[in-house]
Amino acid sequence: TVSAAAPARSGMRTFLIIWAGQLISFIGSGLSGLALAVYLYEQTGAVTQLALSMAAASIPQLLLLPLAGTLVDRWDRRTVLVLSDIAAALVTLAMWALLATHSLAMWHVYLGNAISAAFGAFQRPAYYGLPSLLVASGQYGRVSGLMQLADAASQIVAPIIAGFLVLRIGVPGVFLVDLATCALAV
């Protein structure tokens, strides 16, 4: 016979696999976000350009999150996560290619940030809605802590690692690391 704890354990295992992928993805995005900020400031010396790129990364999420949450409730969350990570990888690949060919313009950065933010608006509700579908309610506290850890890692650990990597492998190299994290997440 199968105990009631078996589905909960298997749900927790599935959640941990998805969580690990998203943790890696969040850190990779944080790496390229800081590297791009360093690049923008080095190229322009203008904080205004940096602020506008940050606005391009925030406004689409602000506008899309209410709609995205509703839509994600109707879709398969894992599919949304995979497609969001693929979209992020494609944007990062485009930025890397433009940077490698010395063709990266400010409008590319704004557009890339806006596209990434738009897909991120769907990724976040898909990710935050998974625990209720996968794990037993008794595990919600543990899962919530893990999800907060992933957020904190992307905001605290990623910039530290990115600062080191920018010095060692440069901004294009950081973009390649981000591409690898997207591949691992998918």
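The values are calculated or read from the model by the stated rules, or taken from the named source; none is laboratory data. Since the structure is predicted, the reported quantities are computational estimates derived from the model, not experimental observations. Here the Cβ is made from the backbone with ideal geometry for all residues, glycine too, and neighbour counts use every protein chain on show. Remember, those area values only see protein heavy atoms, side chains included, never the ligands or the DNA or RNA. Shrake-Rupley method; radii C 1.70, N 1.55, O 1.52, S 1.80 Å.
Of note:
- In the context of the full set of protein chains, residues of the stretch 46-110 present 58 Å² of accessible surface per residue (probe radius 1.4 Å, heavy atoms only).
- Contour minus Cα-Cα distance for Leu176 and His102 (0.36 nm per residue): 25.0 nm
- In nm, spacing of pseudo-spin labels at Leu71 and Ser132 (7 Å Cα→C-beta vector): 2.0 nm
- MRE, 222 nm, helices only [DSSP H, n ≥ 4, -39500 (n - 2.57), over the chain, to nearest 500]: -30500 deg cm²/dmol
- In terms of packing, defined here as the mean over residues of other Cβ atoms within 10 angstrom, the peptides 54-66, 125-137 line up highest first as 125-137, 54-66.
- Per-residue ³J(HN,Hα) for the stretch 133-150, Karplus 6.51 cos²θ - 1.76 cosθ + 1.60, θ = phi - 60°, Hz, x for Gly and Pro: 8, 10, 10, 5, 4, x, 9, 4, x, 4, 5, 4, x, 5, 5, 5, 4, 4
- Taking every protein chain into account, the 1.4 Å probe leaves Phe119 with about 90 Å² of accessible area, to the nearest ten.
- For the pair Gln148 and Tyr110, a Förster radius of 30 Å applied to the C-beta separation gives a FRET efficiency near 0.50, rounded to the nearest 0.05.
- Element breakdown for the stretch 62-101 at a 1.4 angstrom probe: carbon and sulfur atoms account for 73% of the accessible area.
- Rounded to the nearest 10 Å², the accessible area of His108 at probe 1.4 Å: 40 Å²
- Net lengthening on full extension, Val82/Ala20 (0.36 nm per residue, minus Cα-Cα): 21.0 nm
- A 1.4 Å probe run over the stretch 120-186, with the rest of the protein chains in place, finds 49 Å² accessible per residue.
- The solvent-accessible area of Asp76, taken with every protein chain present and a 1.4 Å probe, is close to 80 Å².
- Kirkwood-type hydrodynamic radius, the chain: 17.3 Å, calculated from all non-identical alpha-carbon pairs.
- Percent carbon-and-sulfur accessible area, the stretch 116-170, ignoring ligands, DNA and RNA, probe 1.4 Å: 65 percent
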